[in-house]
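Chemist: Sharing a structure below in structure tokens format, with a few things to ask.
Since every read-out is calculated from the coordinates, none of them should be taken as a lab result. These numbers were taken from a predicted model, which means no experiment stands behind them. Every residue, glycine among them, receives a Cβ derived from its backbone with ideal geometry; neighbour counts consider all protein chains shown.
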Amino acid sequence: MAKSKTLEVGALPYDEFDKSINKYNGDPTAIIAILQDIQDHLQYVPKDSISYLAEKLNVSPAKIYGIVTFYAQFRLEPLGKYIIMLCEGTACHVNGAKLIGNAISDELGVKGGETTEDGLFSLEKVACIGCCSLSPVMVINEETYAKLTPDSTRKIVKEYQKREAAAQN
Ligand code: FES
């Protein structure tokens, strides 16, 4: 299917969208697979991609928006530079994961599944990440933080903020 000339091509990788649409021969019933391709590529589904797909697949933007918001796997906003994965598995839960989550939310002003306005931090609540003996645990990007307390968690988050502030000066 050829790219529509009426569409404004901005910073989004419309060629990648087209590749996925073509892979499924522009079949509107493949919309979930196409959205998964987009999310695999960008880590989220940009709002602007919805109107593009709607036109290409000849379905309403509302239908695509409904799918994206219905399935928890899809994200409409990009992830932050630092992805905080807070474990909410049984061991972490028993050892205070909720308090750790509250401390992160207090510091950053975000709940699970949200990203700070400055785009630096995303908070994701996840199931057991396999190091229960160190619970409660969180992972920030590749770094694992164990046996957390609300205080140590705040300190860790503040360290990241300090590092970022220093890097910007
Ligand atoms: S329950 Fe958190 S690491 Fe297993």
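Chemist: Stick to Cα atoms and the Kirkwood definition of Rh, then tell me Rg/Rh for segment 82-168.
Modeler: Value, to two decimals: 0.95.
Chemist: Take every Cα-Cα pair in segment 14-70 and report what % of them are more than 18 Å apart.
Modeler: Across segment 14-70, Cα pairs with separations above 18 Å total 17 percent.
Chemist: Nearest 10 degrees, 0 to 90: what angle lies between the long axis of helix 14-23 and the longest principal axis of the chain (Cα atoms)?
Modeler: 70
Chemist: Does anything in segment 86-101 have its amide N under 14 Å from the 7 Å Cα→Cβ label point of R154, and if so which residues?
Modeler: From segment 86-101, the list is 99-101.
Chemist: Give me the angle, in degrees from 0 to 90, between the Cα long axis of helix 31-42 and the longest principal axis of the Cα atoms of the chain, rounded to the nearest 10.
Modeler: Rounded to the nearest ten degrees, it is 60.
Chemist: To the nearest whole percent, what portion of all C-alpha pairs in the chain is separated by more than 24 angstrom? Let's see the in-between values first.
Modeler: On the way: 6715 of 14196 pairs.
Tail of P(r) above 24 Å: 47 percent of Cα pairs.
Chemist: Run down the lysines and flag those whose C-alpha is under 26 Å from the C-alpha of K19, throwing out any fewer than 8 positions away in its chain.
Modeler: Within the straight-line limit of under 26 Å, K19 reaches these lysines: K3, K5, K47, K56, K63.
Chemist: In degrees, nearest 10, range 0 to 90: what is the angle between the Cα axis of helix 47-57 and the longest Cα principal axis of the chain?
Modeler: 30
Chemist: Efficiency by 1/(1 + (r/R0)^6): what FRET value for S60 and N141, r their Cβ-Cβ distance, R0 = 41 Å, to the nearest 0.05? Before the final figure, lay out the partial values.
Modeler: Working: r = 38 Å, r/R0 = 0.92.
That gives a FRET efficiency of 0.60.
Chemist: Give me the lysines in straight-line cross-link reach of K158: C-alpha distance below 30 Å, same-chain residues under 8 apart excluded.
Modeler: Within the straight-line limit of under 30 Å, K158 reaches these lysines: K81, K98, K111, K125, K147.
Chemist: For the chain, what is the mean residue ellipticity at 222 nm derived from helices alone (per DSSP H run of n ≥ 4: -39500 (n - 2.57); sum divided by total residues; nearest 500 deg cm²/dmol)?
Modeler: That calculation yields -14500 deg cm²/dmol at 222 nm.
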